[in-house]
Amino acid sequence: MTYNKKTIEDINVSGKKVLVRCDFNVPLKDGVITSDKRIVEALPTIKYLLDNGAAVILCSHMGKPKGEANPKFSLAPVAARLTELLGQNVALAPDTIGAETKAMAAALKSGEALLLENTRFDKREEKNDPEFAKELASMAEIFVNDAFGAAHRAHASTAGVADYLPAVCGYLIQKEIGVMGKALEDPARPFVAILGGAKVSDKIGVINNLIEKVDTLIIGGGMAYTFFKAQGYSIGTSICEDDKIELAREMLKKAADKGVKFLLPIDNIIGKEYDENTEFSTVDSDSIPDGWMGLDVGPKTQKLFSDALVGAGTVVWNGPMGVSEWKNFAAGTEAVAKAVAESGAVSIIGGGDSAAAVEKLGYAAKMTHVSTGGGASLEFLEGLELPGIACLQNK
Ligand code: AMP
């Protein structure tokens, strides 16, 4: 697989109409944007194109409108915020490929920007319909994909359009595949991966791929209890996927065969109920009593995991070490966030809960890379080919 894709700097964009797929799927409350992070992150690519004489046609999905126009999922607030951030008007087209929209795109001049309405207002988007992709492409001369968070989807605006236009990546995708691609292909060693979160089944592909590459694999969070059971421990009422116990055993064996150090929690914060305010206590991993469930890693494990990160060359982290949304069960995740930040390693944080923890705790600036895509970064780390990246021109 090549992660060496052409970027906006490798082509001449001057005087060209450029269709840019962004991830403007921002959180909204009563029509107001509650975090404009995704818009801000898209600015470097948009500004480069505008400054270099392109006429920029932006597009994105927002939420799940299920193929129908729905004002609740309109990109109007995004157009308004882009107008403020860019200091120039960004008009919103009435739809994605209608006649009026096409006329607006045709009239767009160098240095101007237009935002198409939510691509998912048309059911052909998610079906990657070739006619829809062709119509979308017909408005532009170049396609730029900068929506890493949607790159694992083969949709018309993320992949299909590349059948009709020269396609390159923007700065966001360039950074994502540059940092994560290097970790997979040529990591600074020792390479340590930390995986957590609720389910083994969600991360099995990542575990399987990373075991081939890492020196140390650390497993925490709800996932760990399936591994405990695979080793014959009692796990009380902890979350467990019984149909994945055999797979967990295979992973432990694979790690042993490859000489990969495999670290599991040695102690746990256990709770009586799955409840934020439940009674809790700390026990070793071989002593989880009946009727109790593991909800975080314990203090000895925090030290074990943190020590394993000292001197690491590369760290990849995806998934919390416990139910980090609840303050009594957040310490394990916080300890790992701190240890990763202080490791001095090339540090890559998968999207979702681990990215949120790192941001909340103020460690984001200390990390080499906090991925903008949860599902997409998982698939990338699984070694899968992402359609929104595979469709871009190689260098
Ligand atoms: P994921 O989306 O797979 O990264 O999983 C994140 C979710 O895993 C969070 O909502 C956590 O609350 C949950 N989680 C982490 N540790 C545990 C645990 N020990 N028991 C139950 N849920 C957990």
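In the stretch 329-349, which residue that is touching a helix residue (DSSP H, G or I) at 6+ places or on another chain (Cβ under 8 Å) and open to solvent by 50 Å² or more (accessible area, probe 1.4 Å) is nearest to Gly313 (Cα to Cα)? That would be Val346.
Restricting the first member to the stretch 305-320 and to residues that are without any contact (Cβ under 8 Å) to a residue 40 or more places away in the chain, and the second to residues that are more than 16 Å from the ligand (Cβ to nearest atom) and open to solvent by 10 Å² or more (accessible area, probe 1.4 Å), the beta-carbon pairs closer than 7 Å and six or more apart or on different chains are Ser306/Ala339; Val310/Ser343.
Might you check whether a residue that is assigned by TED's automatic domain parsing to the domain that holds Ala107, out of contact with any Cys (no Cβ under 9 Å at 6 or more places or on another chain) and aromatic (Phe, Trp, Tyr) occurs anywhere in the stretch 24-46? Looking for residues that are assigned by TED's automatic domain parsing to the domain that holds Ala107, out of contact with any Cys (no Cβ under 9 Å at 6 or more places or on another chain) and aromatic (Phe, Trp, Tyr), one finds none in the stretch 24-46, hence no.
Each row is one residue, and each column tells you yes or no for (1) at pLDDT 95 or above; (2) surrounded by fewer than 24 Cβ atoms within 10 Å (Cβ to Cβ).
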{"position": "Ala147", "(1), (2)": "yes, no"}
{"position": "Ala151", "(1), (2)": "yes, no"}
{"position": "Ala156", "(1), (2)": "yes, no"}
{"position": "Tyr164", "(1), (2)": "yes, yes"}
{"position": "Val168", "(1), (2)": "yes, no"}
{"position": "Lys199", "(1), (2)": "no, yes"}
{"position": "Ile204", "(1), (2)": "no, yes"}
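For Glu379, indicate whether it is farther than 17 Å from Gly221 by Cβ, open to solvent by 20 Å² or more (accessible area, probe 1.4 Å), free of Cβ contacts under 8 Å to residues at least 60 places away in the same chain and under 23 Å from the mean Cα position of the chain (by Cα). So Glu379 does not fit the description; no.
Residue-by-condition table, conditions (1) hydrophobic (A, V, I, L, M, F, W, C); (2) within 12 Å of the ligand (Cβ to nearest atom); (3) touching an Asp or Glu at 6+ places or on another chain (Cβ under 8 Å); (4) in the same structural domain as Asp215 (by TED's automatic domain parsing):
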site	(1), (2), (3), (4)
Gly298	no, yes, yes, yes
Trp317	yes, yes, no, yes
Ser343	no, no, no, yes
Lys366	no, no, yes, yes
Ser371	no, no, yes, yes
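Within the span defined as the stretch 229-236, every residue fails to be among the hydrophobic types (A, V, I, L, M, F, W, C), modelled with pLDDT of 95 or more and buried (at least 23 other Cβ atoms within 10 Å of the Cβ).
The values are calculated or read from the model by the stated rules, or taken from the named source; none is laboratory data. Keep in mind that this is a model prediction, so the values were computed, not measured. Ideal geometry is used to build each Cβ from the backbone, glycine not excepted, and the neighbour counts take in all protein chains shown. Accessible surface areas use protein heavy atoms only, side chains included; no ligands, DNA or RNA. Shrake-Rupley method; radii C 1.70, N 1.55, O 1.52, S 1.80 Å.
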